[in-house]
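The values are calculated or read from the model by the stated rules, or taken from the named source; none is laboratory data. Quantities reported herein were computed from a predicted structural model and do not represent experimental measurements. Note: ideal-geometry Cβ built from the backbone for every residue, glycine included; neighbour counts use all protein chains shown. Protein only, heavy atoms only, side chains kept; ligands, DNA and RNA dropped before computing areas. Shrake-Rupley method; radii C 1.70, N 1.55, O 1.52, S 1.80 Å.
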Amino acid sequence: YPESEQSQLNLEAKMVNLFSAIAADRVVFNSEYNRSSFVEGVSALLKKMPDCVPPKIGEHILGKSDVLPVPLIDEFGAGCRKKNKNDSLTLLWNHRWEYDKAPDRFFSALIKLKQLKINFKVNVVGQKFRNVPAVFEENYVLLQDHINAWGMVARDRYCDLLHSSDVVVSTALHDFQGLAVLEAAAAGCIPVVPDRLAYKEYINKKYRYQSNINNPDNELVGLV
């Protein structure tokens, strides 16, 4: 999980995860990316430890691990598409409202589309927590004419939005499986995701734009 500028190194949480994996009979990850990044993180962490670190801990965890993706429920199936009455392209961003989903990159893309006078509507939905990035409030004002749905919505409404949107977009810096994208794709949305994280395991390359995690401006070119 990427650390924000405000967060401090949480060694305790990392050690709890590590000890749990060592003690378990089987360790199950929801994607190969989750598994490989965990083992790489373990290796990096243990290199910072003092003497007497047992050898080959990462290999030990790999040897008793499996990959088992979280399944989707049937209601997200694409059998009942509900196309909007207008002719505008409807974009969906359905992620947690937190910094690791890089909402600033998504809103930069929307502002670019607005400048190009592209006819579009947007559904920005997802769970909010205590520290909502300021870009949501800022861009709500800038994009009011394009907003169809905004914020946390009821489950039935969420399902309707998935079935009526055309494209689901991710700009995430962190996603172990990407259930939000999977749900929307199952409902018939075209996925547009960065060429990184777990997306590389199940999203066709033609739907993945070039990843440039350290240069948002360059990445924006591939997204738009």
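Overview of results
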read-out	value
Any hit, the stretch 82-97, residues being loosely packed, with under 14 Cβ neighbours inside 10 Å, modelled with pLDDT of 75 or more and not β-branched (V, I, T)	no
Filter result (open to solvent by less than 10 Å² (accessible area, probe 1.4 Å) and under 16 Å from Y140 (Cβ atoms)) within the stretch 98-108	P103, F106, F107
Residues of the stretch 165-188 that turn out to be charged (D, E, K, R) and under 20 Å from I147 (Cα atoms), as a count	1
Single condition E32 does not satisfy, out of (1) open to solvent by less than 80 Å² (accessible area, probe 1.4 Å); (2) among the charged types (D, E, K, R); (3) over 29 Å from Y202 (Cβ atoms)	(3)
The stretch 131-157 - residue that is assigned to a loop (DSSP other than H, G, I, E, B) and over 19 Å from the mean Cα position of the chain (by Cα) and, of those, nearest to K117 (Cα to Cα)	L143
Top-ranked residue of the stretch 165-197 - restricted to ones that are under 9 Å from the mean Cα position of the chain (by Cα) and farther than 21 Å from A109 by Cβ, ranked as surrounded by the most Cβ atoms within 10 Å (Cβ to Cβ)	Q177
Sole residue being assigned to a loop (DSSP other than H, G, I, E, B), at pLDDT 95 or above and more than 21 Å from the chain's Cα centre (by Cα), chosen from D66, D25	D25
Total residues in the stretch 186-214, condition part of a helix (DSSP H, G or I), out of contact with any Phe, Trp or Tyr (no Cβ under 9 Å at 6 or more places or on another chain) and modelled with pLDDT under 95	1
The stretch 35-65, residues that are surrounded by fewer than 17 Cβ atoms within 10 Å (Cβ to Cβ) and basic (K, R)	K47, K48, K56, K64
Number of the exception - F136 against (1) open to solvent by 10 Å² or more (accessible area, probe 1.4 Å); (2) touching a Phe, Trp or Tyr at 6+ places or on another chain (Cβ under 7 Å)	(1)
Every residue from the stretch 158-185 that is β-branched (V, I, T), touching a helix residue (DSSP H, G or I) at 6+ places or on another chain (Cβ under 8 Å) and not in a loop (DSSP other than H, G, I, E, B)	V168, V169, V181
Every residue from the stretch 89-115 that is without any contact (Cβ under 8 Å) to a residue 40 or more places away in the chain and outside any helix (DSSP H, G or I)	R96, W97, E98
